[in-house]
Amino acid sequence: MKIIDARVIVTSPGRNFVTLKLITESGTYGIGDATLNGREMAVAAYLEEHVVPALIGRDASRIEDTWQYLYRGAYWRRGPVTMSAIGAVDMALWDIKAKAAGMPLYQLLGGKSRERVMTYAHCTGKDIDNCLEEVARHVELGYRAVRVQAGVPGIKTIYGVAKREGERYEPADSELPAEHVWSTKKYLNHVPQLFAAVRERFGHELHLLHDVHHRLTPIEAARLGKAVEPYHLFWLEDCVPAENQESLRLIREHTTTPLAIGEVFNSIHDCREMIQNQWIDYIRTPLTHGGGITQLRRIADLASLYHVRTGFHGPTDLSPVCLGAAIHFDTWVPNFGIQEHMPHDPLTDSVFPHDYRFEDGHFLVGETPGHGVDIDEEAAARYPFKRASLPVNRLEDGTLWHW
Ligand SMILES: O=C(O)[C@H](O)[C@@H](O)[C@H](O)[C@H](O)CO
Ligand SMILES: [Mg+2]
């Protein structure tokens, strides 16, 4: 089953996406998501210039060999650009293999471990009251788990909160990076009040999550973890930047709040120590940025030895292709935790027809052979790329901080 053609499709139906389509001699094709928010064209060029020429003529059934060829063969290993490109190839090859077998992808992975996949939504508000209304709305929609983020008094713009009321939150919100200002002191004083208010109004059944977005030092994260213990969070996410894996140790030693991390990781080596030392509870590396199903299977298997579960990143800046493949993976993986869900807008969904469904706070996997997501290339061509950047963060004195 030779690959005879490969196309890199860049489209912006509401936001930018990079998609790889691999076509085999039998006409069976597969698609993979290669979107790296704010750095889309770097992955598109990597694919076009360095990967696609090497794929033409290769046997599409050799998924493992192709992964090794692209990973070892590049000599320059790892990194989000390389691994997103490999992730897209890998996803497309699994799609082809499953289509050729006439099976939905989850069957090829080992079959269903569960009937449905619990997902969490984003509830954000400019203040606590606003946020409580969003939680109420999402409970009404059926969600059993919500991520809660609210504006902090004295901080003008806050991560996860839409610029204008009623709008969706969009992280890449301007052509060049917007500048935000951050105060750890104001944030740390405010977050426990937010969770106290949510628990008071909604009780203890609902799962609550929170994303710190890498802004704290280990000792500050430890303080936050302890402060929110009475509200028993499902997880506290990205509480520190994690280039230094050992920084998770200190946080772990101080708090029983479960820790999730890994949306910016791209390799098993980025999380190996924190998994093996049981410093975390959930690993978030998504299929696209983590080198596809082939590497995520290894990460999940390693994690399973240490009681660590999956909690895949699922923002709007990963395309429905990544989400669809993730739902198959989630349906199979034994150590599943939860799947993030930030709904794509209808324009995005119209370019990427798919068969996964949301029902009663869960995703239901589809039965179409492959991963169940396609791309309408004619529609995609109507939405050209628009440069968009993620913001940067500065402390109140002007020091550049983690966004
Ligand atoms: O937990 C999340 O969903 C993430 O933190 C996102 O909101 C990121 O900010 C975004 O994916 C960056 O591109
Ligand atoms: Mg996050």
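The values are calculated or read from the model by the stated rules, or taken from the named source; none is laboratory data. This structure is a prediction, so every number in the text was calculated from the model and none was measured. Counting neighbours? That spans all protein chains shown, and the Cβs are built from the backbone with ideal geometry, glycine included. Areas reflect the complete protein model, heavy atoms only, side chains present, ligands, DNA and RNA absent. Shrake-Rupley method; radii C 1.70, N 1.55, O 1.52, S 1.80 Å.
Considering region 102-128 alone, what residues qualify as being open to solvent by 10 Å² or more (accessible area, probe 1.4 Å) and in contact with a Leu (Cβ under 6 Å, 6 or more places away or on another chain)? Once the filter is applied, which keeps residues that are open to solvent by 10 Å² or more (accessible area, probe 1.4 Å) and in contact with a Leu (Cβ under 6 Å, 6 or more places away or on another chain), region 102-128 yields Arg116, Ile128.
Scanning region 255-293 for residues that are more than 14 Å from ligand 2 (Cβ to nearest atom), open to solvent by less than 10 Å² (accessible area, probe 1.4 Å) and not in a loop (DSSP other than H, G, I, E, B) gives Met274, Ile275, Gly292, Ile293.
Of all residues in region 365-395, those satisfying the criterion of being farther than 28 Å from Ala60 by Cα and either open to solvent by 40 Å² or more (accessible area, probe 1.4 Å) or among the aliphatic types (A, V, I, L, M) (or both) are Arg382, Tyr383, Pro384, Phe385, Lys386, Arg387, Ala388, Leu390, Val392, Arg394, Leu395.
Filtered by the rule that a residue be of a type in the set (Lys, Arg) and over 20 Å from Pro353 (Cα atoms), region 372-400 gives Lys386, Arg387, Arg394. Taking first residues from region 107-125 that are closer than 30 Å to Ile155 by Cα and partners that are β-branched (Val, Ile, Thr) and at pLDDT 95 or above, the Cβ contacts under 7 Å between residues at least 6 apart in sequence or on separate chains come to Thr119/Ile338; Tyr120/Val146; Tyr120/Ile338; Ala121/Val146; Cys123/Val135; Cys123/Val146; Cys123/Val148. Just checking, does region 163-177 include any residue being over 23 Å from Leu318 (Cα atoms) and within 16 Å of ligand 1 (Cβ to nearest atom)? Looking for residues that are over 23 Å from Leu318 (Cα atoms) and within 16 Å of ligand 1 (Cβ to nearest atom), one finds none in region 163-177, hence no. Within region 129-151, the set of residues being assigned to a loop (DSSP other than H, G, I, E, B) and crowded, with 21+ Cβ neighbours inside 10 Å comprises just one member, Tyr143.
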